[in-house]
Amino acid sequence: MTKHSLPFWKEYPERDNEWVRQYPTKHVAIREEDVFTQSPMGIYVHIPFCNRLCFSCPYIKHQTDSGITQRFLDALKLEISNYARRPYIKDHRITLGYIGGGTPTSFSSKQLAEMLDHLFGELNMSPDVELSIETTPVDINEKKARTLVEKGVRRISLGVQTFVKQELEDIGRPGDPQLIMDAIKLVQDAGFKNVNIDLMHGLNGQTMESWEYSLDKAIELGVTCVSFYTYMEFAQVSTKRRKLPPVPSKDVVDEMFLFAARKLTQNGFEGYYGDCFAKPGFQPRYGHLSWSEDIPIIPLGPTATGHLRKHWYFNEPNIDRYIDIVNSGRLPISMGQHISKEEAIRRAMVLGVKASRVDRKRFKELHGVDFATLFKREIEDLQEKGLVTMTEHGLEVTGPKGWYFLDNISKAFYSDEFKRFPQHLGADITPFLKNVAAR
Ligand code: SF4
């Protein structure tokens, strides 16, 4: 007879005389603030309007139109109020926020003020919330910039793409570099201390010289952050039809990445998320904290993505349906995924790598496991490829090679289930939903 087949009372030498009534059993001093402190939370607000639609843009957006824009703003305010009423939200303080799109500043300054007043009035916004907003050089003016600063927005990001006139024209942007420079000066004068500009490499007809010119202009204009993106392949479909010069070869585009990383680093910028560079003290906390510290994010607006209560999800992308759902009193949550304990650990690694470093001690505090042990095989493989460095403190992506391959490194930590699944890009999921319903 094995031990486990014994009647349970015979497994013990004697009956335990301590009556179990609480757990855990080790105690330390604890205060009211430890129990009731509100934990940090972020918001992402998606404004799906643009004053002019760029043909190189993959996102769902609508031409600004006064009728629908105000209906949308009213729905957005309702959605904010709906979240604000929920007890779970009340346990948090909003310390991070990002207002993206579309072009959020396609709203009038009155509408921007209305939205920001509603956010600050309804949600528990921290007075020093790091709130960023996206704009373009043609959609910002002095009145809007001053309204944003006055209402608590601290960081602004301008979609510049290039300072070269011909390159601007070829991607359908107003072809006036002077207008861009004036817009940067305007936001600086309005009180924005933290100004990011987005640049693109791999544009039609772009050369190393013209790329260097755009980078030099950014440095000269005193912006605090520069993010650069590769011009998207699918946007080049119309290249032949529009008789544009060809895009640079892949080798040249790769070289442009490394060149920009070196140049910005040499000029006092520090790299983060691979292709974003900021002056010390100006690195935006939004991505870094929501990814590395696993801070929950409330998604607001159509296609907005967020993660709350062990779920990652995104909102209904169709603007009319979004407005109808919100007006019916429901949250416009559309699709997503429950995040299991195992996937939460993988997610922390996948997104932590995107912030370029993962702290071992902090990871253990947050997730209860040592990632270096758990992902030993993946990390050794990445080390052999010269993409990451591992110290006793944590994992560091090795720049500039690792920065260039940041997404490959990040995907090394996907679970088998999600390895080949592309991510949501704000696409209209209506056909997908119809297929699911038909099954
Ligand atoms: S302004 Fe930005 S969001 Fe709007 S269409 Fe152009 S690239 Fe897309």
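In percent, how large is the relative contact order of the chain, given Cα pairs closer than 8 Å and 6 or more residues apart? Numbers along the way, then the final one.
Values: 690 pairs, mean separation 61.2, N = 439.
Answer for the chain is 14 percent.
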* **Karplus 3J(HN,Hα) series, Hz, for the range 298-310 with 6.51 cos²θ - 1.76 cosθ + 1.60 (x for Gly, Pro)** => 8, x, 10, x, x, 6, 4, 10, x, 9, 9, 6, 6
* Area of Arg321 that stays accessible when all protein chains are in place (1.4 Å probe, Å², to 10) -> 90 Å²
* Asked: Could you name the aspartates and glutamates in cross-link range of Lys90, using Cα to Cα under 16 Å and dropping any fewer than eight places away on the same chain?
  -> Glu33, Glu79, Glu122
* Structure fact -> the range 172-317: antiparallel bridges as % of DSSP beta bridges, rounded to 5, reads 65 percent
* To do: Name the residues whose placed amide hydrogens come within less than 5 Å of the amide hydrogen of Tyr273, ignoring near sequence neighbours (fewer than 5 apart) on the same chain.
  => Ser356
* By accessible area with a 1.4 Å probe, ligands and nucleic acids excluded, highest first: order of Arg346, Arg15, Arg420 -> Arg15, Arg420, Arg346
* To do: Take the solvent-accessible surface of the protein heavy atoms, probe 1.4 Å, and return the percent of it on the chain that carbon and sulfur atoms account for.
  => 54 percent
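May I ask you to order 384-392, 222-230, 16-24 by the average number of other C-beta atoms within 10 Å around their residues, highest value first? Walk me through the numbers on the way to the answer.
On the way: 384-392: 14.2, 222-230: 19.8, 16-24: 5.7.
Result, highest mean first: 222-230, 384-392, 16-24.
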* Centre separation in Å (Cα based) which lies between the range 360-403 and the range 295-346 -> 30 Å
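How long is the gain from Asp189 to Lys411 if the chain were fully straight, where each residue apart is worth 0.36 nm and the alpha carbon distance is subtracted? All intermediate terms of the calculation are to be shown ahead of the outcome.
Details: separation 222, 0.36 × 222 = 79.92 nm, distance 4.12 nm.
Length gained between Asp189 and Lys411: 75.8 nm.
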* **Computed lengthening from Glu380 to Lys26, 0.36 nm per intervening residue step minus Cα-Cα distance** => 123.7 nm
* Out of residues 5 or more away from Asn267 or on other chains, whose amide H comes under 5 Å of its own, with H placed 1.01 Å from N in the peptide plane? -> none
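Taking 2.2 N^0.38 Å as the expected size of a compact globular protein, what ratio does the Cα radius of gyration of the range 339-390 give against it, to two decimals? Each step should come with its number before you reach the end.
Working: Rg = 10.8 Å, N = 52, 2.2 N^0.38 = 9.9 Å.
That works out to 1.10 for the range 339-390.
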* To do: Holding the Cα-Cα limit at 29 Å, pick out from Lys185/Lys279; Lys77/Lys419; Lys279/Lys401 the pairs that are longer than that.
  => Lys77/Lys419
* Under the Karplus curve 6.51 cos²θ - 1.76 cosθ + 1.60, θ = phi - 60°, whole-Hz ³J(HN,Hα) for the range 163-169, x wherever Gly or Pro sits -> 9, 9, 3, 5, 5, 5, 4
* Karplus-derived HN-Hα couplings along the range 379-385 (A = 6.51, B = -1.76, C = 1.60, θ = phi - 60°), whole Hz, x at Gly and Pro -> 5, 4, 4, 5, 5, 4, 7
* Structure fact -> Checking the range 29-115 for trypsin sites (Lys or Arg not before Pro) in a loop per DSSP with at most 10 other beta-carbon atoms within 10 Å yields Arg31, Arg85
* Which percent, nearest 5, of DSSP beta bridges in the chain are antiparallel? -> 40 percent
* Quick one: how many Å² of Asp324 are accessible to a 1.4 Å probe, rounded to 10? -> 100 Å²
* Computed lengthening from Cys57 to Arg85, 0.36 nm per intervening residue step minus Cα-Cα distance -> 6.5 nm
* To do: Please give the per residue accessible area of the chain, computed with a probe of 1.4 Å over protein heavy atoms only, in Å².
  => 54 Å²
* Helix 250-266 sits at what angle to the longest principal axis of the chain, using alpha carbons and giving 0 to 90 degrees rounded to 10? -> 80 degrees
* To do: Treating cross-link reach as a plain straight distance, find the aspartates and glutamates whose alpha-carbon is under 19 Å from the alpha-carbon of Lys364, omitting any fewer than eight places away in the same chain.
  => Glu293, Asp294, Glu342, Glu343, Glu378, Glu392, Glu396
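The values are calculated or read from the model by the stated rules, or taken from the named source; none is laboratory data. Nothing here was measured: the structure is a model prediction, and the numbers come from that model. When we count neighbours, we look across all protein chains shown, and the Cβ atoms used for this are built from the backbone with ideal geometry, even at glycine. Areas reflect the complete protein model, heavy atoms only, side chains present, ligands, DNA and RNA absent. Shrake-Rupley method; radii C 1.70, N 1.55, O 1.52, S 1.80 Å.
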